[in-house]
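These notes concern the structure reproduced below.
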Amino acid sequence: QVQLVESGGGLVQSGGSLRLSCAVSGIIFRFYTMGWYRQGSEKPRELVASISTSGSANYVDSAKGRFTISRDNDRKTVYLQMNNLKPEDAAVYYCNTQTPARTDYWGQGTQVTVSS
(Lines give C-alpha, C1' and ligand atoms only; values in the text may rest on other atoms or scores of the structure.)
Protein backbone atom coordinates (compact mmCIF):
# COMPACT_ATOMS: atom_id res chain seq x y z
CA GLN A 1 0.00 0.00 0.00
CA VAL A 2 1.50 3.28 -1.13
CA GLN A 3 1.31 6.11 1.39
CA LEU A 4 2.51 9.68 1.22
CA VAL A 5 2.25 11.74 4.39
CA GLU A 6 2.97 15.46 4.30
CA SER A 7 3.84 17.65 7.25
CA GLY A 8 5.30 21.06 7.98
CA GLY A 9 2.62 23.43 6.81
CA GLY A 10 1.37 26.30 8.89
CA LEU A 11 0.90 30.03 9.19
CA VAL A 12 3.83 32.28 8.37
CA GLN A 13 4.29 35.96 7.73
CA SER A 14 5.18 37.23 4.31
CA GLY A 15 8.95 36.84 3.85
CA GLY A 16 9.08 33.89 6.21
CA SER A 17 10.09 30.29 5.62
CA LEU A 18 8.62 26.82 5.95
CA ARG A 19 9.97 23.36 5.30
CA LEU A 20 7.53 20.75 4.10
CA SER A 21 8.24 17.04 4.43
CA CYS A 22 6.66 14.05 2.74
CA ALA A 23 7.30 10.60 4.15
CA VAL A 24 6.73 7.81 1.64
CA SER A 25 6.08 4.11 2.12
CA GLY A 26 4.97 1.23 -0.06
CA ILE A 27 7.33 1.89 -2.98
CA ILE A 28 11.06 1.60 -3.60
CA PHE A 29 11.48 5.30 -3.02
CA ARG A 30 14.82 5.79 -4.75
CA PHE A 31 13.35 4.60 -8.06
CA TYR A 32 10.64 7.29 -8.20
CA THR A 33 10.55 10.91 -9.26
CA MET A 34 8.78 12.96 -6.60
CA GLY A 35 6.81 16.16 -6.93
CA TRP A 36 5.24 18.90 -4.85
CA TYR A 37 2.00 20.39 -6.10
CA ARG A 38 -0.16 23.12 -4.66
CA GLN A 39 -3.76 24.18 -5.00
CA GLY A 40 -4.88 27.60 -3.90
CA SER A 41 -8.43 28.70 -3.35
CA GLU A 42 -10.38 28.45 -6.60
CA LYS A 43 -7.21 27.71 -8.53
CA PRO A 44 -6.15 24.61 -10.44
CA ARG A 45 -3.57 22.32 -8.91
CA GLU A 46 -0.09 23.18 -10.20
CA LEU A 47 3.28 21.48 -10.09
CA VAL A 48 5.62 23.54 -7.93
CA ALA A 49 8.76 21.40 -8.00
CA SER A 50 9.94 17.94 -8.90
CA ILE A 51 13.05 15.93 -8.23
CA SER A 52 14.25 12.98 -10.26
CA THR A 53 15.83 9.78 -9.03
CA SER A 54 19.24 11.31 -9.72
CA GLY A 55 18.41 14.45 -7.77
CA SER A 56 17.78 16.74 -10.70
CA ALA A 57 15.24 19.40 -9.75
CA ASN A 58 12.78 21.49 -11.70
CA TYR A 59 10.65 24.39 -10.51
CA VAL A 60 7.73 26.47 -11.61
CA ASP A 61 8.96 29.95 -12.50
CA SER A 62 7.35 31.56 -9.45
CA ALA A 63 9.31 29.25 -7.13
CA LYS A 64 12.74 29.59 -8.70
CA GLY A 65 15.24 31.15 -6.35
CA ARG A 66 12.97 30.81 -3.34
CA PHE A 67 12.06 27.10 -3.06
CA THR A 68 14.37 24.10 -2.90
CA ILE A 69 13.25 20.51 -3.33
CA SER A 70 15.42 17.72 -1.96
CA ARG A 71 15.19 14.05 -1.14
CA ASP A 72 16.65 11.64 1.39
CA ASN A 73 16.49 8.15 -0.05
CA ASP A 74 17.51 6.55 3.24
CA ARG A 75 14.63 8.23 5.06
CA LYS A 76 12.27 7.83 2.07
CA THR A 77 11.37 11.47 2.43
CA VAL A 78 11.12 14.41 0.07
CA TYR A 79 11.36 17.99 1.30
CA LEU A 80 10.36 21.41 0.06
CA GLN A 81 12.21 24.32 1.64
CA MET A 82 10.25 27.49 1.00
CA ASN A 83 11.90 30.85 1.66
CA ASN A 84 10.70 34.42 1.19
CA LEU A 85 7.11 33.24 1.16
CA LYS A 86 4.51 35.49 -0.44
CA PRO A 87 0.74 35.65 0.05
CA GLU A 88 0.31 34.11 -3.40
CA ASP A 89 2.14 30.98 -2.17
CA ALA A 90 -0.75 30.22 0.18
CA ALA A 91 -2.29 26.90 -0.79
CA VAL A 92 -2.66 23.29 0.16
CA TYR A 93 0.58 21.57 -0.77
CA TYR A 94 0.51 17.97 -1.94
CA CYS A 95 3.23 15.40 -2.39
CA ASN A 96 2.97 13.21 -5.49
CA THR A 97 4.56 10.34 -7.29
CA GLN A 98 3.58 8.43 -10.39
CA THR A 99 4.19 4.77 -11.17
CA PRO A 100 5.49 3.57 -14.55
CA ALA A 101 1.87 2.60 -15.29
CA ARG A 102 0.99 6.28 -14.76
CA THR A 103 -0.93 5.73 -11.56
CA ASP A 104 -0.73 8.85 -9.40
CA TYR A 105 -0.36 8.72 -5.66
CA TRP A 106 -1.08 11.74 -3.49
CA GLY A 107 -0.71 12.68 0.11
CA GLN A 108 -3.48 14.24 2.13
CA GLY A 109 -2.04 17.73 1.75
CA THR A 110 -0.68 20.29 4.17
CA GLN A 111 -2.00 23.84 4.44
CA VAL A 112 0.33 26.79 3.97
CA THR A 113 -1.03 30.19 4.95
CA VAL A 114 0.95 33.37 4.36
CA SER A 115 -0.12 36.58 6.05
CA SER A 116 0.75 39.89 4.46
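The values are calculated or read from the model by the stated rules, or taken from the named source; none is laboratory data. None of the values given here were measured: they were computed from a predicted structure. When we count neighbours, we look across all protein chains shown, and the Cβ atoms used for this are built from the backbone with ideal geometry, even at glycine. When the accessible area is computed, the model is the full protein with side chains, heavy atoms only, and any ligands, DNA or RNA have been set aside. Shrake-Rupley method; radii C 1.70, N 1.55, O 1.52, S 1.80 Å.
Model label sites at Ser116 and Thr99, defined 7 Å from Cα along the beta-carbon direction, differ in position by 4.4 nm.
Could you state the accessible area per residue of region 26-80 in Å², with a 1.4 Å probe and every protein chain left in place? If you can, show how the numbers build up before the last one.
Details: 3150 Å² over 55 residues.
Value returned for region 26-80: 57 Å² of accessible area per residue.
Rounded to the nearest Hz, the phi-derived 3J(HN,Hα) couplings of region 85-97 under the Karplus curve 6.51 cos²θ - 1.76 cosθ + 1.60 (θ = phi - 60°) are 5, 10, x, 6, 7, 4, 4, 8, 9, 10, 8, 8, 9, where x marks glycine and proline.
For Val60, what is the net charge nearby, where nearby means another residue's Cβ is under 15 Å from its Cβ and Lys, Arg count +1, Asp, Glu -1?
Surrounding charge for Val60 is +2.
Under 5 Å between amide hydrogens, built in the peptide plane, is the criterion, and for Ala90 it picks out Val114 among residues at least 5 positions away or on other chains.
Grab the Cα-Cα distance for Ser7 and Asn84, subtract it from 0.36 nm times how many residues apart they are, and report the gain in nm with one decimal. The partial results should precede the final answer.
Numbers: separation 77, 0.36 × 77 = 27.72 nm, distance 1.91 nm.
Here the segment from Ser7 to Asn84 would lengthen by 25.8 nm.
Once the chain from Gln108 to Arg30 is taken as fully extended at 0.36 nm per residue, the excess over their C-alpha distance is 25.9 nm. Enter the Cα centre distance for the pair region 86-116 and region 5-66, rounded to the nearest angstrom. If you average the Cα positions of each part, the centres end up 6 Å apart. Farthest toward the positive end of the dipole of the chain, out of Gln13, Gln108, Ser70, is the Cα of Ser70, where the dipole comes from beta carbon charges about the Cα centre. Peptides 24-32, 45-53 ranked from most to least packed by the mean count of surrounding Cβ atoms within 10 Å: 45-53, 24-32. Taking amide H as placed 1.01 Å from N in the peptide plane, the amide H of Gly109 sits under 5 Å from that of Glu6, Cys95, each at least 5 places away or on another chain.
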